[in-house]
Amino acid sequence: MSAHLLHGDFFRFLDALAAGEGEAWDLYCKRYLGPNRSVLEAWWEQCLGLPTAAWADRVRRVRVEEYGLLRDIVGATDLRAVAETTLDRCGDILPLSPQPEVYFLVGFFSPDGFTFRPKGEWAVGVGLERLRSSSIIPLLLSHEYAHCYRRRLGHPRCLGERLVAEGFAVALTARAFPERSEAEHLLMRPGQAAVMREYEGQLWRRVRPHIDSDEEIASALFTSGRPQDGGLPSRAGVYLGWRLVAEFMSRRDADFNASAESVVAAAQSALG
């Protein structure tokens, strides 16, 4: 595993912009995009899919002063050590060979954690732009490590498989960091997780009719956002997937390391 720290080049772009060395997009291309083009273009195309004009427009609206907290956080955090320790924990539970590469970058609109393929292999990305504390980074890394494992089994094809993929990622995080709370494993606020528990039955009734849907937008809304017709809290699919995988593993007393692939397959079949 290698951790790639792209954010240093982003800060060099900010410094050049603050010093009045040129136009924002030109400086961005020279200081940040140019030295990291293959990774940043893969992130933009695979995670966002927006036209390059939108990218340039967002860069031109950058406000240097908005990144002071981020500088402080990453300046006080050994990101390489965090990545190495986290992936070693995950690898002890669920070996992956080779371990995924990790890329720390500062983007726009990007997920806090994501999987992508910058160089042919599935890798883990962390979008630092909304970071408010370094404590979440190990949880993001372990969650995306599990997604890298799942992606090597093939791409989730429908909402049901996406739910299981999310639940599997939460399950690995819970194994890797048992000292953290369930809400943290879910990457949710405590109140958000409490609402999910209270209304779990209603959530399942809303989601089940869409279990076989292979529409990318519908699946993404249930797992990552809020369905357009309302009635479901944000990230409800992540919670439901976690409950599904956790229940399956408790019934089977499953060994995560030895049977991860069968856990994924069996949890998916339970949705049928």
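Going by what's in this entry, would LEU33 be described as aliphatic (A, V, I, L, M) and either touching a residue at least 40 places away in the same chain (Cβ under 8 Å) or open to solvent by 50 Å² or more (accessible area, probe 1.4 Å) (or both)?
Working: aliphatic (A, V, I, L, M): yes; either touching a residue at least 40 places away in the same chain (Cβ under 8 Å) or open to solvent by 50 Å² or more (accessible area, probe 1.4 Å) (or both): no.
Considered against the rule, which asks whether it is aliphatic (A, V, I, L, M) and either touching a residue at least 40 places away in the same chain (Cβ under 8 Å) or open to solvent by 50 Å² or more (accessible area, probe 1.4 Å) (or both), LEU33 comes out as no.
Please enumerate the residues belonging to region 122-155 that are touching an Asp or Glu at 6+ places or on another chain (Cβ under 7 Å) and either more than 30 Å from GLY68 (Cβ to Cβ) or in a loop (DSSP other than H, G, I, E, B) (or both).
Residue satisfying the conditions is LEU153 alone.
For region 91-100, which positions are assigned to a loop (DSSP other than H, G, I, E, B) and open to solvent by 60 Å² or more (accessible area, probe 1.4 Å)?
Step one: of region 91-100, the residues assigned to a loop (DSSP other than H, G, I, E, B) are 94-100.
Selection gives PRO95, SER97, PRO98.
Quick one: is VAL170 part of a helix (DSSP H, G or I), under 19 Å from PRO111 (Cα atoms) and among the β-branched types (Val, Ile, Thr)?
Values: part of a helix (DSSP H, G or I): yes; under 19 Å from PRO111 (Cα atoms): yes; among the β-branched types (Val, Ile, Thr): yes.
Yes.
Among the residues of region 43-53, is there at least one that is under 30 Å from ASP92 (Cβ atoms) and open to solvent by less than 10 Å² (accessible area, probe 1.4 Å)?
Taking region 43-53 and keeping what is under 30 Å from ASP92 (Cβ atoms), we get 43, 46-47.
Those still in the list that are open to solvent by less than 10 Å² (accessible area, probe 1.4 Å) too: 43.
Checked against the condition, which is being under 30 Å from ASP92 (Cβ atoms) and open to solvent by less than 10 Å² (accessible area, probe 1.4 Å), region 43-53 yields at least one hit.
Determine which single condition TRP242 fails, assuming it passes every other condition in (1) surrounded by 14 or more Cβ atoms within 10 Å (Cβ to Cβ); (2) modelled with pLDDT under 85; (3) in a helix (DSSP H, G or I).
Looking at each condition in turn, TRP242 falls short on (2).
If I filter region 1-27 down to residues being within 29 Å of the chain's Cα centre (by Cα) and charged (D, E, K, R), which single residue comes out as farthest from GLY127 (Cα to Cα)? Outline the logic, then answer.
Initial filter on region 1-27 (within 29 Å of the chain's Cα centre (by Cα)): 1-15, 24-25, 27.
This time we only want the ones that are charged (D, E, K, R), so: 9, 12, 15.
Numbers: ASP9: 14, ARG12: 17, ASP15: 20 Å.
Checked region 1-27; the qualifying residue farthest from GLY127 (Cα to Cα) is ASP15.
Residues are listed down the side, and each one gets a yes or a no for (1) touching a Lys or Arg at 6+ places or on another chain (Cβ under 8 Å); (2) at positive phi; (3) at pLDDT below 90:
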position: PHE109; (1), (2), (3): yes, yes, yes
position: GLY113; (1), (2), (3): no, no, no
position: ALA123; (1), (2), (3): yes, no, no
position: ARG132; (1), (2), (3): no, no, no
position: CYS148; (1), (2), (3): no, no, no
position: GLY154; (1), (2), (3): no, yes, yes
position: GLU166; (1), (2), (3): no, no, no
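For region 55-90, how many residues meet the condition of being open to solvent by less than 40 Å² (accessible area, probe 1.4 Å) and either among the β-branched types (Val, Ile, Thr) or at pLDDT below 95 (or both)?
Going through region 55-90 one residue at a time, the tally reaches 7.
The values are calculated or read from the model by the stated rules, or taken from the named source; none is laboratory data. Since this is a predicted model, take the numbers as computed values, not measurements. With ideal geometry, Cβ positions are generated from the backbone for all residues, glycine too; neighbour counts draw on all protein chains shown. With ligands, DNA and RNA removed, areas are computed over all heavy atoms of the protein, side chains included. Shrake-Rupley method; radii C 1.70, N 1.55, O 1.52, S 1.80 Å.
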